[in-house]
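**Student:** What follows is a structure written as structure tokens; I'll ask about it next.
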Amino acid sequence: MTQRPTLQQTCDIWERIAPWWDQQIAEGNDFQKTLIMPATDRLLDPRPGQTILDVACGNGNYSRALGRRGVHVVACDFAESFLECARKRTTPGDGQIEYRRIDATSMAELLTLGERRFDSAVCSMAMMDMIVIDPLLDSLAELLKPGGRFVFSLPHPCFNANDMKFTADLEIRQDHTEQTFGVEIRKYLTQESGRSVGIINQPEPHYFFHRPLSAVFAACFSGGFVIDGLEEPAYPPEPASGKNVFSWAKRPELPPAIVIRARTKAV
């Protein structure tokens, strides 16, 4: 059995690769702009004047998008390299954004942000990189105002795992020939860690923690949340002849991500 990585090991890798990631995603790559950001916007429904926490903000692209809409944003990440990139990209036109170095697996650190301070919180494509998620959910129950929303996105665990592969088949029939594209998953229920890349040609792989939806939802329920919104964004069914055979655009029936809204109980 592979030894579980430590928090320091996961952080050290992100400190090294954050500048490279910043260059690749900038203000949002195709995956974020096509799938993640629109679904997050719909479920989060951010309003001017709200205070929103962006957990594991990375280079801060979504924080800046919120700030430009009149939201007061507190953005945190455990990798100082990411925060440096975020600060460099932030301009006065991006509104009110406060960047903080916070470990999202530490309830003690999270609670320093201010109990009942936030109208909503967001965590985009990052919880699968955390060694544990229960402290985050437990903390958000204290950080959010009654009825506050927490919107988070993940690689869809039904179609993404540490042990998976993309498939491409050529079906030859009497009247026509058809190419089909899919994914092969060998494990789903087992919670395990592994190393993977989020973007092709990444300088080094980072740790990825696979959790089935039952485990993710259990952490939400344990923190006192109810799930009241969910989207499974996928690329539109259009010709993708120019796309790489390993692209999700070749698989419009398979959502590569899932975006979930959890809500605290209203008083």
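**Student:** Taking the chain as a Gaussian network, Cα atoms linked when under 10 Å apart, which of Leu230, Leu154, Leu170 shows the biggest mean-square fluctuation?
**Tutor:** Leu170
**Student:** Here's something else I'd like to know. Can you grab the distance from the C-alpha centre of segment 84-150 to the C-alpha centre of segment 8-25, Å, no decimals?
**Tutor:** 18
**Student:** Mind checking the alpha-carbon convex hull of segment 1-67 and giving the volume per residue in Å³?
**Tutor:** Spread over its residues, the Cα hull of segment 1-67 gives 136 Å³ apiece.
**Student:** Residue by residue through segment 159-170, what is 3J(HN,Hα) from phi via Karplus (6.51 cos²θ - 1.76 cosθ + 1.60, θ = phi - 60°)? Round to whole Hz and write x for glycine and proline.
**Tutor:** Karplus values, whole Hz, x for Gly and Pro: 10, 10, 7, 5, 10, 8, 8, 7, 10, 9, 10, 10.
**Student:** For Asp54, Asp228, what's the largest-to-smallest order of accessible area, 1.4 Å probe?
**Tutor:** Largest accessible area first, the list is Asp228, Asp54.
**Student:** For the full complex of protein chains and a 1.4 angstrom probe, list Val197, Val71 by accessible area with the highest value first.
**Tutor:** In descending accessible area the options line up as Val197, Val71.
**Student:** If you plug each phi of segment 171-177 into the Karplus form 6.51 cos²θ - 1.76 cosθ + 1.60 with θ = phi - 60°, what whole-Hz ³J(HN,Hα) values come out, in order, with x for Gly and Pro?
**Tutor:** Calculated HN-Hα couplings, in order: 9, 10, 10, 4, 9, 6, 10 Hz.
**Student:** With each pseudo-label sitting 7 Å past Cα toward Cβ, what's the Phe221-Gln8 distance in nm, one decimal?
**Tutor:** 3.7
**Student:** Of the options Gly70, Ser193, Ser139, report the single residue whose Cα projects farthest towards the positive end of the charge dipole of segment 60-204 (beta-carbon charges: Lys, Arg +1; Asp, Glu -1).
**Tutor:** Highest projection toward the positive end goes to Gly70.
**Student:** Can you give me the long-range amide H partners of His156? Hydrogens built in the peptide plane at 1.01 Å from N, cutoff under 5 Å, separation of 5 or more residues or another chain.
**Tutor:** Long-range HN contacts for His156: Ala257, Ile258.
**Student:** Could you give P(r) for segment 1-122, binned at 10 Å from zero, as whole percent values over all Cα-Cα pairs?
**Tutor:** That works out to 13, 42, 35, 9, 1, in percent per bin.
**Student:** Could you calculate the contour length gain from Asp228 to Ile200, that is, 0.36 nm times the residue separation minus the distance between their Cα atoms, to one decimal place in nm?
**Tutor:** Taking Asp228 through Ile200 to full extension adds about 6.7 nm, to one decimal.
**Student:** Could you order Lys145, Lys33 so the one with the most accessible surface comes first? Probe is 1.4 Å.
**Tutor:** Putting Lys145, Lys33 in descending order of accessible area: Lys33, Lys145.
**Student:** Can you tell me how segment 127-186 classifies by the Cα gyration tensor, rounded, prolate or oblate, using a/c under 1.5 as the rounded cut?
**Tutor:** prolate
**Student:** Further, regarding this structure: Assuming a ≥ b ≥ c are the square roots of the Cα gyration tensor eigenvalues, decide whether the chain counts as rounded (a/c under 1.5), prolate (otherwise, with a/b larger than b/c) or oblate.
**Tutor:** prolate
**Student:** Right, something else. What do you get for the angle between helix 7-25 and the principal long axis of the chain? Use alpha-carbon atoms, 0 to 90 degrees, nearest ten.
**Tutor:** 70
**Student:** How many angstrom separate the Cα center of segment 196-241 from the Cα center of segment 31-79?
**Tutor:** Spelled out, the Cα-based centre of one part sits 17 Å from the other.
**Student:** Right, next: Modelled label-to-label distance, Glu84 and Arg116, 7 Å Cα→beta-carbon offset: nm?
**Tutor:** So the label points at Glu84 and Arg116 sit 4.0 nm apart.
**Student:** Counting Lys and Arg as +1 and Asp and Glu as -1, each charge on the Cβ, what is the dipole of the chain about the Cα centre in debye, to the nearest 20?
**Tutor:** Here the size comes out at about 460 debye.
**Student:** A further question on this structure: Ser81: accessible area at probe 1.4 Å, nearest 10 Å²?
**Tutor:** The accessible area of Ser81 comes to roughly 20 Å².
**Student:** When the chain is modelled as a GNM with alpha-carbon springs shorter than 10 Å, which of Gly49, Gly93, Gly224 fluctuates the most?
**Tutor:** Gly93
**Student:** Could you give the dipole magnitude of segment 115-264 about its Cα centre, charging the beta-carbon of Lys and Arg +1 and that of Asp and Glu -1, in debye to the nearest 20?
**Tutor:** Roughly 260 debye, rounded to the nearest 20.
**Student:** Okay, next question. Å³ per residue of the Cα convex hull, for segment 149-267?
**Tutor:** Expressed per residue, the convex hull around the Cα atoms of segment 149-267 is 142 Å³.
**Student:** Once amide H atoms are built 1.01 Å from N in the peptide plane, which residues 5 or more positions from Gly229, or in another chain, come under 5 Å H to H?
**Tutor:** Arg261
**Student:** If you don't mind, there's one more thing I want to ask. Excluding ligands, DNA and RNA, what is the solvent-accessible area per residue of segment 186-265 at a probe of 1.4 Å, expressed in Å²?
**Tutor:** Averaged over the residues of segment 186-265, the accessible area is 53 Å².
**Student:** A further question follows. Accessible area of the chain with a 1.4 Å probe: how many percent of it is carbon plus sulfur?
**Tutor:** Of the solvent-accessible surface of the chain, carbon and sulfur hold 51 percent.
**Student:** Right, another one. With each run of n ≥ 4 DSSP H residues scored as -39500 (n - 2.57), what mean residue ellipticity at 222 nm is computed for the chain after dividing by its residue count and rounding to the nearest 500 deg cm²/dmol?
**Tutor:** It lands at -7500 deg cm²/dmol.
**Student:** Each residue of segment 220-233 in order: what ³J(HN,Hα) in whole Hz does its phi give by Karplus 6.51 cos²θ - 1.76 cosθ + 1.60, θ = phi - 60°, with x for Gly and Pro?
**Tutor:** Karplus-based 3J(HN,Hα) across segment 220-233 equals 5, 5, 5, x, x, 8, 10, 8, 10, x, 7, 10, 10, x Hz.
The values are calculated or read from the model by the stated rules, or taken from the named source; none is laboratory data. Being a predicted model, the structure only gives us computed values, none of them experimental. Reconstructed Cβ throughout: ideal geometry from the backbone, glycine too, with neighbour counts over all protein chains shown. What goes into the accessible areas is simple: the full protein's heavy atoms, side chains included, and nothing from ligands, DNA or RNA. Shrake-Rupley method; radii C 1.70, N 1.55, O 1.52, S 1.80 Å.
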